[in-house]
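The values are calculated or read from the model by the stated rules, or taken from the named source; none is laboratory data. Every value quoted in this text rests on a predicted model; they were computed, and no experiment measured them. Heads up, the Cβs are rebuilt from the backbone with ideal geometry, glycines too, and the neighbour counts pull from every protein chain shown.
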């Protein structure tokens, strides 16, 4: 099993404590440290994924459950929110291929990530990606246990669809703001897998024009 490199410090401490407990005759301490090390390894697992190759699709940035699919006012596209529990894979992936236009970190609270308030009040890191289908925004949002958002990309970096871009440690939330032309393929309650599940599709140019006209008419 491949693990994210962010797991190494936790595993090292756990193994040192387990070894020390065994040497000093504290079997419960040693056993507890091994159990915690096993959970850390489980949490930081980094499985390979088969990325869809078809054009015009937006893939899920992570594993979890869809908790929101909301059309934004003023033709601002659609926001899809995904809650990641402690038992989900926490590797974050780019939803589209493109180039990172901006990366903005905002400090905040650590409310449970399944609450809608968490999207507004919690610590977050937001990436704006310039893609062939339009601008796509991805937000990494910390949860009640998570205290560190890891982002491996910076402004100007190219990124591929489904490419690993970071992670959020120990429970979190991801949000994708789709361009107006994109049509969501998921509903609230759906389970998704990072890099594999399709969140949305962008229709053909003719249909895309119709979607844009509809969005403009709704905004009037």
>> If a residue counts only when it is closer than 24 Å to residue 43 by Cα and touching a residue at least 24 places away in the same chain (Cβ under 8 Å), which strands (runs of 3 or more DSSP E) contained entirely in the stretch 60-118 have at least 3 such residues?
In response: 64-71, 78-84, 91-93
>> Anything in the stretch 158-195 that is closer than 24 Å to residue 5 by Cβ and either touching a helix residue (DSSP H, G or I) at 6+ places or on another chain (Cβ under 6 Å) or outside any loop (DSSP other than H, G, I, E, B) (or both)? List them, or say none.
In response: 158, 159, 164, 165, 166, 167, 168, 172, 173, 174
> What do you reckon, is residue 91 out of contact with any helix residue (DSSP H, G or I) (no Cβ under 6 Å at 6 or more places or on another chain), surrounded by 16 or more Cβ atoms within 10 Å (Cβ to Cβ) and over 23 Å from residue 120 (Cβ atoms)?
Replying inline: yes
> If residue 49 passes every condition in (1) more than 17 Å from the chain's Cα centre (by Cα); (2) outside the structural domain of residue 190 (by TED's automatic domain parsing) but one, which one does it miss?
Replying inline: (1)
> In this structure, does residue 147 turn out to be in the same structural domain as residue 77 (by TED's automatic domain parsing), at pLDDT below 75 and outside any loop (DSSP other than H, G, I, E, B)?
Replying inline: no
> From 14, 75, which residue is assigned by TED's automatic domain parsing to the domain that holds residue 152, in contact with a helix residue (DSSP H, G or I) (Cβ under 6 Å, 6 or more places away or on another chain) and surrounded by 16 or more Cβ atoms within 10 Å (Cβ to Cβ)?
Replying inline: 75
>> Test of understanding: among 43, 39, which residue is crowded, with 19+ Cβ neighbours inside 10 Å and out of contact with any helix residue (DSSP H, G or I) (no Cβ under 6 Å at 6 or more places or on another chain)?
In response: 43
>> Name the single residue that is farthest from residue 164 (Cα to Cα) among those in the stretch 10-46 being free of Cβ contacts under 8 Å to residues at least 12 places away in the same chain and outside any helix (DSSP H, G or I).
In response: 25
